[in-house]
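All remarks here apply to the structure that follows.
The values are calculated or read from the model by the stated rules, or taken from the named source; none is laboratory data. As the structure is a computational prediction, the values presented were derived from the model and not from experiment. Cβ sites come from the backbone with ideal geometry, for glycine too, and all protein chains shown count toward neighbours. Only protein heavy atoms, including side chains, enter the accessible area calculation; ligands, DNA and RNA are left aside. Shrake-Rupley method; radii C 1.70, N 1.55, O 1.52, S 1.80 Å.
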Amino acid sequence: MATIHPFERELRIRFAHCDPAGIVFFPQYLVMINNLVEDWVTECLGVPYAELLGRRRTGMPTVSLQCEFTAISRMGEDVMLGLSVAKLGGKSLALDIGCRCSDEQRMTVRQVLVFTSLDTHRAVDVPADLRAAIDAFQTQ
């Protein structure tokens, strides 16, 4: 049974996602995940990701990534990418991310992001507005 997440986006698997065998080349999932996180921050948390990195100079680099690939995805399929907050720390955020097609789980990820100053490249506290938005997201 596939996991349904509180934030989800449908995605069509395209030729550009696939290797010569016609299935998703696993690094492409990481690009899909990054796009999903950007959409979540912008659309769900209400903080434009481009503004966070640009004007606010706050980054969210990945410091840990655990992936499990349980089934293949093929070109032309429509899959659902989703995320849930696993843990919100003082300077970091752990997300549970998945890809499913109907009821079949294709891939699961535990991603840990740390908030950083893009000027010093040092960890910083989770910005107050993002913390409030993440707390609200977790309670919906």
Task: Rg to Rh quotient for region 6-140, alpha carbon positions, Kirkwood Rh - done: 0.99
TODO: Would you please give the residues with an amide H less than 5 Å from that of LYS91, counting only those at least 5 places away or on a separate chain, with H modeled from the backbone geometry?
DONE: VAL126
- [ ] For PHE25, enumerate residues with amide H under 5 Å from its amide H, sequence gap 5+ or separate chain, H modeled in the peptide plane.
- [x] CYS18, ASP19
Open item on the list: How much length would be gained if the chain were fully extended between PHE69 and GLN140, taking 0.36 nm per residue of separation minus their Cα-Cα distance, in nm to one decimal?
Closed with: 22.7 nm
Task: Rg(Cα) / (2.2 N^0.38 Å) computed for region 1-77, rounded to two decimals - done: 1.28
- [ ] Could you check the simple spin-label distance between ILE4 and ASP78, using points 7 Å along Cα→Cβ, in nm with one decimal?
- [x] 1.6 nm
Task: 0 to 90° range, to nearest 10: angle between helix 26-39 axis and the chain longest Cα axis - done: 40 degrees
- [ ] Measure nothing fancy, just the Cα-based angle from helix 128-139's long axis to the longest principal axis of the chain, in degrees from 0 to 90, nearest 10.
- [x] 50 degrees
TODO: Calculate, for the chain, the solvent-accessible area per residue in square angstrom, rolling a 1.4 angstrom probe over the heavy atoms of the protein chains.
DONE: 54 Å²
Task: Apportionment of accessible area to carbon and sulfur, the chain, percent (1.4 Å) - done: 52 percent
Open item on the list: Using the Karplus curve 6.51 cos²θ - 1.76 cosθ + 1.60 with θ = phi - 60°, what ³J(HN,Hα) values do you get for each residue of region 98-108, in whole Hz, with x for Gly and Pro?
Closed with: x, 10, 9, 10, 6, 9, 9, 6, 9, 7, 10
Task: region 1-110: trypsin sites (Lys or Arg not before Pro) falling in loop per DSSP and having at most 16 other Cβ within 10 Å - done: ARG14, ARG55, ARG56, ARG57, LYS91
